[in-house]
Amino acid sequence: MQSKIILSIRFVLGFFMAFIGLNKFFVFIEIPHPPGNGGQLMDIYMQSGFLQMVGTLELIGGIGFITNRFTLIAATIITAIMFNATVFHMLYDPQGVGPALICFLLSLVFVFTSKERPSDYLSHQV
């Protein structure tokens, strides 16, 4: 039962992150800027290319989850991004914190229940 839940979390989070990553390049869904300083910070992120870098990492992490390849690295990338998104929304846009917080919590569940360990990458056997 637990493995089906983890599999579901992996697929949902993977597709969501891949979609959000692609959205930073192709803008399927227009995401409104938060008011005040949060909106100014988003403008800086957009003009500097920082959001495209984050979008690339979201896409890589999402593809890693979907294909079940390097899931621990993908989880590390996604968890870090979602932590920062959660903090950003808590500080600048409290109404938009829901999706970021849910993704952050799902990524933590995946990290702490994953059977994959960092040592798996260090001891590669052919």
(request) Place the peptides 60-72, 85-97 in order of packing, highest mean first, counting for every residue the other Cβ atoms within 10 Å and averaging per peptide. (result) 60-72, 85-97
(message) Given a Förster distance of 22 Å, report the FRET efficiency between Asn68 and Leu108 from their Cβ-Cβ distance, rounded to the nearest 0.05.
(response) 0.70
(request) For the range 1-83, state the average projected area of the convex hull of the C-alpha atoms over all orientations, rounded to one decimal in nm². (result) 6.0
(request) Could you sort 29-42, 99-112 so that the peptide with the highest average Cβ count within 10 Å comes first and the rest follow in order? (result) 99-112, 29-42
(message) Tell me the mean residue ellipticity at 222 nm calculated for the chain from its helices only (DSSP H runs of n ≥ 4, each -39500 (n - 2.57), averaged over every residue, nearest 500).
(response) -26000 deg cm²/dmol
(message) Given a Förster distance of 30 Å, report the FRET efficiency between Met46 and Ser8 from their Cβ-Cβ distance, rounded to the nearest 0.05.
(response) 0.35
(request) With a point put 7 Å past each Cα toward its Cβ, work out how far Glu30 is from Ala80 in nm, to one decimal. (result) 3.3
(request) Please tell me the relative contact order of the range 1-105 in percent, rounded to the nearest whole number, where contacts are Cα pairs under 8 Å and at least six residues apart. (result) 30
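Values quoted throughout were computed directly from the atomic coordinates according to the rules given, and no laboratory measurement underlies them. Because the structure is a prediction, the values reported are computed rather than measured. Because the Cβ atoms are built from the backbone with ideal geometry, glycine has one as well, and the counts that use them run over all protein chains shown.
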